[in-house]
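So the structure is just underneath, and the comments pick up after that.
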Amino acid sequence: MSGSILYGRDGEVATVTLANAAKLNAVDSAMWRQLALVVNELAADTGLRCLVLRGEGEQAFAAGGDIEEFSSQRDTVEHAMAYHAQAGAALQAVCDCRLPTIALIHGACIGGGLEIAAQCDLRVCGESARFGAPINRLGFSMYPVEMQALLRLAGAATMRELLLEGRILGAAEALAKGLVTRVVADHEVVGEAYATARRICHGAPLVARWHKQLLRRLQQERPLSEEELRDSFAFLDTADYREGLAAFLAKRAPRFRGC
Amino acid sequence: MSGSILYGRDGEVATVTLANAAKLNAVDSAMWRQLALVVNELAADTGLRCLVLRGEGEQAFAAGGDIEEFSSQRDTVEHAMAYHAQAGAALQAVCDCRLPTIALIHGACIGGGLEIAAQCDLRVCGESARFGAPINRLGFSMYPVEMQALLRLAGAATMRELLLEGRILGAAEALAKGLVTRVVADHEVVGEAYATARRICHGAPLVARWHKQLLRRLQQERPLSEEELRDSFAFLDTADYREGLAAFLAKRAPRFRGC
Amino acid sequence: MSGSILYGRDGEVATVTLANAAKLNAVDSAMWRQLALVVNELAADTGLRCLVLRGEGEQAFAAGGDIEEFSSQRDTVEHAMAYHAQAGAALQAVCDCRLPTIALIHGACIGGGLEIAAQCDLRVCGESARFGAPINRLGFSMYPVEMQALLRLAGAATMRELLLEGRILGAAEALAKGLVTRVVADHEVVGEAYATARRICHGAPLVARWHKQLLRRLQQERPLSEEELRDSFAFLDTADYREGLAAFLAKRAPRFRGC
C-alpha cells in the first residue's frame, strides 16, 4: 500500500500533508508524483497566499524515501534516473512555488523529508524534531541535484557532518546550523506555523511574489540589467503600494487586495 | 525638516552619526547624499584608522528610509531610479571604505538602517536592538541591488524570513543568524564598539587595508593571478612588518606607523 | 630544532599529529612539507577509512606558523612564494584527502593551525579551545589562497572579525559562527573525536568517498552533466548497497566491505 498527498485549504492558506502513516510518512514514488501535481495546482490558485507543508500526525515530517521500493524502483541506472526525475520535479515544484511556503515539522525530518523541507521558504519545528540523511549506512550516495539544493541551505560544513558522519541533529543544533528557521515547544508547532502563515497573509501578496523571484534571480551570478532594475519598481503602479503608504502614514493596519 | 549626517573624530577614530531624531533616525534622501560624501571624505583621511557608524541617541541606529518622502521622491520609475542611485552610492561608499568600519547599534536597525549596518565590517549591538525589513506591510519590494548586499551577509534563508514573513529579529536571534558580530548589554554598546575600534587601531593599518581589499577580491569568481599572489607580499618591504616580527620575538607590543 | 609530523594507525583510523611542543605546535616549513607527504601517503592506504588530525599534547592544535623562521624563510617575494607553495601543498593534501578527516582540537587553533583545521571535514574541539588569526598585530596579511579556503568555511563577516579586529574566538562563539562542528568538555575531546571516527567507519566507505567528491564538485559553478548524473548511481552495482538495503529491511546493523 502506498502513501498519498493530502491537501486542504482554510481561507488563504492551503495545507499539503505527506501521508504514509505506517512508515513515518516516508515518501514513496506515488507521493513524489502527487506532490509535484498538488503543489503546482495550489501555486496556480489565485485565492491562496501561503502553503503549509507537513507530515501526517506528530511523529514525523517524513522519515526519508521509501526504502522498501528501492529494490524494485531504483534497481538500474534507468530506473534510478526516472525515480529521481520524479523526486526532482516535486522538489522543484516546491522551490518554484509562487506562494510563500512553510514546513511545519514534528519529529523525524530525514533524507527526502529534509530535502522537501529545505525547499520551503521557512521551517518551523518542535523541540523534539530531528534532522539528517544517514544514507552512508544504507550504502548509497545522495543524488547530486538533491545534494545541491540541500547544500544551498545547510552549507558545506554541515553537509559533511550529515553525510560523512551520518549525524542526526536535534532541533537546537539544527537551528544553530541554519537548517531551520525557528524552534518552539512541540505542542506549539502547529500554532506557530499557522501564526507565521497569517503574518505572511498580512503582507502584500505581490510583494511576496516579487521577493521570491528576486531572491532566486540573485542566486545567479549574472549581473542585474538596467531593465531588471527598472522592472523592480513595478510596485509603484499598484493599489497595494498606495494602501501600504497610506496605512503607514495614518498609523493603521493596511488592507492589501493583491494588486 | 530633513535629517543630517554628523561626524567627528577622536584621534584615529572617526564617528559618523545618522541624525533624524524625530523619526528614529530614518534615512531621508538628504542623509543618503551626505552619507556618501562624509564617508568618502573620511576614507581619504590618512590620519584615520577606523570609522564608527551609529544613530543619534539610544533609540535607534536607523528605523528605515523616510517613508514620508516616498510619495514625492519615489513616485515614478525615474524618481525611484534616482533615489536608489543615491542610496546605492552611500551604501557603496561604506562598502568601499578603505578603513575598517564598525556599526554601533542601539534599538531599531530596520530597512535602510539594516542595509547600512550590513555594509560595515563589524556590527556591535545591545540586547534590545532589533533587526528587520518588514516592507511587505508597506506594499513595496526591496531594490535588487540593496537586496544583493544584504543577502551576502544574511543568507537566503534569513532573507526569506525577513522579507516574506516581515519578521523582526531580536539581538540574540540576529547574532545566531549572522546578522551581527557581537551582542552586549545595552549600556555597554558604546564601550564595546570603541574598544573594538581601539583593537583595530592596534593592528598594522596597511594590513587592515590589504585584508579588506583581498576579502572583496575573493568575492569574485575570477581566479587569482600569479601577479596578484606576488603582490600579496607587499608587506615584506614595510617597516610595520619588521616591527611586527621584532615585537613578537621580543614579546612586547608592536608600535605600527602605517608604512 | 624543527618540529615534525607524527603518525600512527589503529585499525581503520590513522592519526596525524602536529608536533612542535616547545612552540605550541607552531607549524614550521619542515612540518608543512612532511604534512603533505604523510597525508598523501595515508590517503592512498586502502586499509584506512578515516584520518584524525591533532596537535601533540593538550595545549594546542597548532598556534600558527613558526614566526621565528619568517625572517630567514619568508624574507623575499621568491622565498615567500616557495614557503606558501609548501603550505599550500599541505592544505591541499588535507582538502583532497579521499578519506573523511577530523580535526581533534585542544587549546590554541591559530593562523596556520586554523587553516589546517578548516580543511578537515569535521572539527571537534574542547570548551577551552580558541580560534583566530591575529596577524594584523604581526604586520602581515594572509596569503590569498589560504584566505580563500578559510573564507569558504568561516564566511566573510567572521573573516572580517578575525582579520580586522584580530579577534580570538572561544569555543562557543566559534561553534555559533560555524568554525567548528562540535564542542565538548575538554576531557572528552579525544573520546568524541574517535567516536566520530567510528561512526564514519560504520558507514559504507565508497559512499563517503563519493560524498566528498560530490561536495567538492558542487563548489564549481559548472552545471552537472547527464553523464555525471548517471555516474552518481555507481552504488547500484556495489555489494555495499545490497548489504545496506538488506540490513535496513532486516532491521540489523550493516557490515560494509568497501565495495
Task: Selection from B:LEU153, B:LEU169, C:GLY47, by position along the positive dipole direction of the protein assembly as shown (Cβ) - done: B:LEU169
TODO: For A:ASP10, place a label point 7 Å out from Cα along the Cα→Cβ vector, do the same in each other copy, and report the separations in nm, one decimal, smallest first.
DONE: 5.5, 5.5
- [ ] Please grab the % of Cα pairs in the protein assembly as shown that end up more than 53 Å from each other.
- [x] 12 percent
- [ ] Assign unit charges at the C-beta atoms only (+1 for Lys and Arg, -1 for Asp and Glu), then state the dipole size of the stretch B:4-201 relative to its Cα centre in Debye, rounded to the nearest 20.
- [x] 440 debye
- [ ] For A:ARG9 paired with B:ALA234, estimate the spin-label separation in nm (one decimal), with each label point 7 Å from Cα along the Cα-to-Cβ line.
- [x] 6.0 nm
Task: Inter-copy spacing of B:GLN59 label points, which lie 7 Å from Cα along Cα→Cβ, given in nm from shortest upward - done: 5.5, 5.5
TODO: Take every residue in peptide B:58-68, count the Cβ atoms of other chains within 10 Å of its Cβ, and give the average of those counts.
DONE: 1
- [ ] Determine the distance separating the Cα centre of the stretch A:110-152 from the Cα centre of the stretch C:172-192; give it in Å without decimals.
- [x] 23 Å
Task: Rounded to 10°, Cα long-axis angle of helix B:205-217 versus longest principal axis of chain B - done: 50 degrees
Task: Dimensionless Rg over Rh [the stretch A:205-249; C-alpha; Kirkwood] - done: 1.06
Task: chain C: calculated mean residue ellipticity at 222 nm from DSSP helix runs of at least 4, using -39500 (n - 2.57) - done: -14000 deg cm²/dmol
Task: Helix axis angle, B:189-201 relative to chain B longest principal axis, alpha carbon, degrees - done: 40 degrees
Open item on the list: Suppose R0 equals 35 Å. What FRET efficiency, 1/(1 + (r/R0)^6) with r the Cβ-Cβ distance, do A:ALA172 and B:ASN40 give to the nearest 0.05?
Closed with: 0.20
Open item on the list: For B:LYS23, give me every one of the lysines with a C-alpha distance below 23 angstrom, ignoring sequence neighbours fewer than eight places off in its own chain.
Closed with: A:LYS251
Task: Dipole in debye (nearest 20) - the protein assembly as shown, about Cα centre, beta carbon charges: Lys, Arg +1; Asp, Glu -1 - done: 580 debye
TODO: Can you tell me which of B:214-221, B:10-17 comes out highest on packing, and rank the rest after it, using the mean Cβ neighbours within 10 Å?
DONE: B:10-17, B:214-221
Task: Within a Gaussian network of chain C (alpha carbon springs, distance under 10 Å), most fluctuating of C:TYR83, C:TYR194, C:TYR143 - done: C:TYR143
Task: Shortest-first distances to equivalent copies, position C:ALA185, nm, label 7 Å out along Cβ - done: 3.0, 3.0
- [ ] Count, for each residue of C:243-249, the Cβ atoms from other chains sitting within 10 Å of its Cβ, then give me the mean as a whole number.
- [x] 5
Task: Approximate spin-label separation A:ALA82-C:GLN213, in nm, with each point projected 7 Å along Cα-to-Cβ - done: 2.6 nm
Task: Virtual paramagnetic centre 7 Å along Cα→Cβ of B:SER128, amide N under 19 Å, in the stretch B:58-74 - done: B:58-64
Open item on the list: Using C-alpha positions alone, give me the convex hull volume of the stretch A:4-201 per residue in cubic angstrom.
Closed with: 103 Å³
Open item on the list: Using Cα-Cα distances under 8 Å and only pairs 6 or more residues apart, what relative contact order does chain B have, in percent?
Closed with: 16 percent
Open item on the list: Let me confirm one metric for peptide B:161-173, namely the mean number of other chain beta-carbon atoms within 10 Å of its residues' beta-carbons.
Closed with: 5
Open item on the list: Restricting to Cα pairs below 8 Å that are 6+ residues apart, what does the relative contact order work out to for the stretch A:45-144? Please round to a whole percent.
Closed with: 33 percent
Open item on the list: Using +1 at the C-beta of Lys and Arg and -1 at the C-beta of Asp and Glu, which of A:ALA239, A:SER225, A:LEU215 has the Cα lying farthest in the positive direction of the dipole of the stretch A:205-249?
Closed with: A:LEU215
TODO: Rounded to the nearest Å, what's the spacing between the alpha carbon centres of the stretch B:13-68 and the stretch A:23-83? Just the number, please.
DONE: 50 Å
Task: Label-to-label distance, nm, for residues given as A:ASP186 and B:GLU68 (7 Å Cα→Cβ offset) - done: 5.3 nm
Task: Choice from C:ILE200, C:ILE116, C:ILE105 with maximal GNM fluctuation in chain C (Cα, 10 Å cutoff) - done: C:ILE200
Open item on the list: Let me check I've understood the local charge: for B:ASP28, count other residues with C-beta under 9 angstrom from its C-beta, Lys and Arg +1, Asp and Glu -1. What total comes out?
Closed with: -2
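Each reported figure results from applying straightforward, stated rules to the coordinates on display, with no laboratory input. All figures in this text were calculated on a predicted structure; none of them were measured in a lab. A quick note on method: Cβ atoms are made from the backbone with ideal geometry, for glycine too, and the neighbour counts reach across all protein chains shown.
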